[in-house]
Amino acid sequence: MEIAGYDSRLLELLKIYPAFFTDACTGCDARANDRTMISNELKSQIQGAYSRFLEAKSLKPRYGQRLMIAEIAKVLGDIDTDEEGRRTSDPAVVAVEAGTGTGKTVAYAIAAIPTAKLAGKRLVIATATVALQEQIVHKDLPDLMRNSGLNFTFSLAKGRGRYMCLSKLDMLLQEGDATNATAQLFEEEGFKIEVDEASQKLFTSMIEKLAGNKWDGDRDSWPQALEDQDWARLTTDHSQCTNRHCPNFQQCAFYKAREGMGKVDVIVTNHDMVLADLALGGGAVLPDPRDTLYVFDEGHHLPDKAIGHFAHYTRLRSTADWLEQTAKNLAKLLAQHPLPGDLGKLIEQVPELAREIKAQQQFMFSACEQLADFRAGEDMQGRERPRHRFIGGVVPEHIREMGIELKKGFARLDDLFTRLADLLKEGMDGEVNIGIASHQAEEWYPLFGSLLARAHGNWELWTAFTAEDPEDSPPMARWLTLADSGALFDIEVNASPILAAEMLRRNLWNVAYGALVTSATLTALGKFDRFRMRAGLPKVAVTAVVPSPFHHADAGVLRVPDLKADPRDSVAHTAAIIRELPSLVEGSRGTLVLFSSRKQMQDVFDGLERDWRKQVFIQGNLSKQETLNKHKARVDGGDSSVLFGLASFAEGVDLPGAYCEHVVIAKIPFAVPDDPVEAALAEWIEARGGNPFMEIAVPDASLRLVQACGRLLRTEEDRGTITLLDRRVVTQRYGKAILNALPPFRREIS
Ligand code: SF4
């Protein structure tokens with residue numbers, strides 16, 4: 001049995017802590033001397049705000065929090081600018097790993113708000129989850145404003161989809177009106193017009209509340225929860241929004257919210273919104289990146305979010321159906337409205353072209369069906385996703401050629417719909433006679449806008465799917481997925497970048513005034529190398545780990561028992577877990593058991609005694625939140641409760657105190673071997689002479705294991721046990737590196 005104390009890494013960190021909060025830096029190392037570059041004004045603003053905050057809240061300064069403030073102020077408070085205030089020095093990027101209990105939000109807000117204000121910049125705080133976004137807006141920033149003496153304004157920037165579209169509401173309330181005959185032709189595009197009695201009541205009450213200034217059109221401030229399918233009828237996206245041409249523009253909830261955003265010091269938003277803005281060149285939805293100081297909280301998600309942003313897919317069968325439907329709808333539209341001029345000529349071309357592309361889609365479907373060897377496999381969420389991956393992203397030539405034809409077809413369709421949308425815009429102003437009344441142009445625009453968006457999405461997919469990858473950069477991952485489509489099956493065609501590093505480097509880090517990335521897990525195996533590679537951090541980026549406020553060695557024990565079953569032999573390993581689990585978790589009120597595969601989770605559950613199983617909540621039967629609530633209620637009622645979960649329960653789940661006294665981890669969480677993006681990345685690294693197992697698989701698994709262990713201690717009072725049922729952490733060399741990167745719990749290794 002081996003019992004270890006604190007990780008020496010943390011002790012090292014404690015030694016190099018810079019004395020930002022002292023006036024003299026005597027005895028500090030060279031890094032600390034840099035702090036003399038921060039202006040005295042900024043330094044005193046930050047120090048004053050922090051002291052006032054601690055005093056008002058009767059808190060003691062937290063060591064890690066002070067260190068984090070110092071690191072941020074050092075990098076972001078020392079940026080050279082030209083006379084227009086634009087950064088002239090190297091990219092200013094700082095990445096700080098700070099564990100639970102550090103008080104990250106207070107740290108970065110206290111450092112970054114005065115820094116941004118003094119530099120005349122806007123602060124954009126982006127999170128990965130709605131829960132954190134709400135906490136920052138409703139709790140942390142108001143609290144800071146009340147208690148720190150900092151004077152700032154802030155607002156929440158949400159996507160258009162969170163706001164009601166008045167034009168859509170108008171359209172729904174005119175149910176049965178003859179003018180809606182056009183919209184009824186396009187039910188598939190989300191223009192479903194039938195309004196039942198309950199919806200009619202809801203829509204009327206919405207319009208009344210809007211008129212009486214009792215509602216601002218924000219979904220989240222409507223007093224009752226709204227079903228997604230009801231809301232989808234009420235909101236819109238940029239392709240359907242007529243913007244300044246819209247008769248409701250002045251009252252539009254989304255544009256009003258955006259106008260408010262233009263004046264505030266701090267904008268809270270999500271990663272997706274920042275990425276969408278950058279994809280539009282920056283400054284389109286949010287402030288210009290050159291005038292923005294960014295904070296990416298939950299920053300470990302940023303690289304994957306960025307990849308997701310540039311990934312494309314289409315479903316062959318459903319797109320073919322859509323093309324046929326579009327051809328029919330537009331032919332009917334022409335029959336109903338004999339249209340003179342360009343409008344008629346352009347619409348007339350659509351049905352024939354749509355059917356031509358549909359035929360190509362069908363050829364592509366047959367070719368993919370013949371070629372694909374769909375292998376069963378789970379994705380990281382444990383969903384069954386049979387896939388066929390193109391090795392190295394290389395698509396067979398005959399498929400690629402067909403893809404190029406589809407790309408050309410969709411380019412023509414995209415062009416037709418773009419010209420139609422432009423014409424309708426002109427018609428809306430009433431300045432140009434396009435053959436229909438301006439109100440009709442307003443009605444038609446969203447319909448053609450959504451057709452344009454779908455055609456454009458397909459064009460993007462086929463462009464990415466058929467592109468030739470430059471030799472010296474990472475290729476695209478390309479694969480097919482077997483998908484359900486009602487009674488029939490469909491084939492989904494996918495193309496995704498494998499790294500977002502270059503995109504983030506070019507559009508974010510190199511352009512922004514400054515940026516902070518923070519999270520409880522940015523390092524892997526104790527280093528920032530993995531995050532640097534995936535996020536494309538500039539070489540000059542400063543990285544820091546601040547020590548956790550938790551005393552891991554006193555608060556918890558990490559056990560690695562000998563199950564006498566190798567986790568690579570899944571049958572024996574599952575049988576051993578079934579045998580040992582009941583006695584392992586005995587005595588704990590709340591237990592979280594984390595699996596890497598849905599199959600193993602289900603097999604363990606099925607193999608347990610029926611009576612014992614009654615205390616288990618297994619992921620998948622209810623929503624994540626409902627599962628957590630039920631678990632908590634059972635613990636509150638004095639009973640013991642066991643949660644079985646997959647990857648999504650290993651991160652972001654907050655179960656303090658008795659809710660989680662024991663975390664059992666079935667296996668080292670290696671990535672699903674057939675994840676197409678990860679597999680293509682591994683191939684690319686191998687082709688360049690690297691070792692993908694050591695460079696990707698092990699660091700990724702280490703990071704996930706740290707996240708899983710992070711479920712145990714949520715407050716400084718928490719105590720508990722982590723049991724890892726995978727002895728590879730002691731038997732394999734890579735396993736020892738993974739073990740050493742775990743928080744410094746007391747260890748009991750059989
Ligand atoms: S401006 Fe756009 S989002 Fe707003 S009401 Fe008009 S169409 Fe809807």
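The values are calculated or read from the model by the stated rules, or taken from the named source; none is laboratory data. Here the structure is a predicted model, which is why all the values come from computation and not from measurement. Please note: Cβ atoms are built from the backbone with ideal geometry, for glycine as well, and neighbour counts cover all protein chains shown.
Figure legend. Inter-residue proximity from the stretch 242-259: first residues among the basic types (K, R), second residues more than 8 Å from the ligand (Cβ to nearest atom), beta-carbon distance below 8 Å, spacing 6+ or different chains. Indicated pairs: K256/D216; K256/G217; R258/A157; R258/V285. Is it the case that P699 is touching a residue at least 24 places away in the same chain (Cβ under 8 Å), assigned to a helix (DSSP H, G or I) and not hydrophobic (A, V, I, L, M, F, W, C)? Here the answer is yes, as P699 does meet what is asked.
So, in the stretch 250-264, how many residues would count as being crowded, with 16+ Cβ neighbours inside 10 Å and either within 8 Å of the ligand (Cβ to nearest atom) or within 24 Å of the chain's Cα centre (by Cα) (or both)? Count: 7. Apart from one condition, Q732 fits all of (1) surrounded by fewer than 19 Cβ atoms within 10 Å (Cβ to Cβ); (2) under 23 Å from the mean Cα position of the chain (by Cα); (3) of a type outside the set (F, W, Y); the exception is (2).
If you go through the stretch 661-675 one residue at a time, do you hit one that is surrounded by 22 or more Cβ atoms within 10 Å (Cβ to Cβ) and part of a helix (DSSP H, G or I)? Within the stretch 661-675, none of the residues are surrounded by 22 or more Cβ atoms within 10 Å (Cβ to Cβ) and part of a helix (DSSP H, G or I).
Residues that are closer than 16 Å to F605 by Cα and either of a type in the set (V, I, T) or modelled with pLDDT under 95 (or both) within the stretch 628-644 comprise just one, V642. If you filter the stretch 208-221 down to residues that are touching a residue at least 12 places away in the same chain (Cβ under 8 Å) and under 23 Å from V137 (Cα atoms), you find that the one that is farthest from the ligand (Cβ to nearest atom) is D220.
If you go through the stretch 580-615 and keep only what is under 20 Å from V560 (Cα atoms) and hydrophobic (A, V, I, L, M, F, W, C), you end up with L581, L584, V585, L592, V593, L594, F595, M601, V604.
Being more than 16 Å from the ligand (Cβ to nearest atom), touching a residue at least 60 places away in the same chain (Cβ under 8 Å) and farther than 18 Å from R162 by Cα is the requirement here; does T292 meet it? Yes; evaluated as a whole, the condition is true for this residue. Under the condition of being part of a helix (DSSP H, G or I) and charged (D, E, K, R), the residues counted in the stretch 565-622 number 9.
Just one of the listed residues (Q240, Q200) is closer than 28 Å to L451 by Cα and away from the ligand (no atom under 13 Å from the Cβ), namely Q200.
Of all residues in the stretch 222-237 being within 30 Å of G457 (Cα to Cα) and not hydrophobic (A, V, I, L, M, F, W, C), which is nearest to the ligand (Cβ to nearest atom)? Among those that are within 30 Å of G457 (Cα to Cα) and not hydrophobic (A, V, I, L, M, F, W, C), it is T236. Applying the selection to the stretch 425-456, what residues are under 18 Å from L339 (Cα atoms), among the hydrophobic types (A, V, I, L, M, F, W, C) and in contact (Cβ under 8 Å) with a residue 60 or more places away in the chain? Answer for the stretch 425-456, where residues must be under 18 Å from L339 (Cα atoms), among the hydrophobic types (A, V, I, L, M, F, W, C) and in contact (Cβ under 8 Å) with a residue 60 or more places away in the chain: M428, I434, I436, W444, L447.
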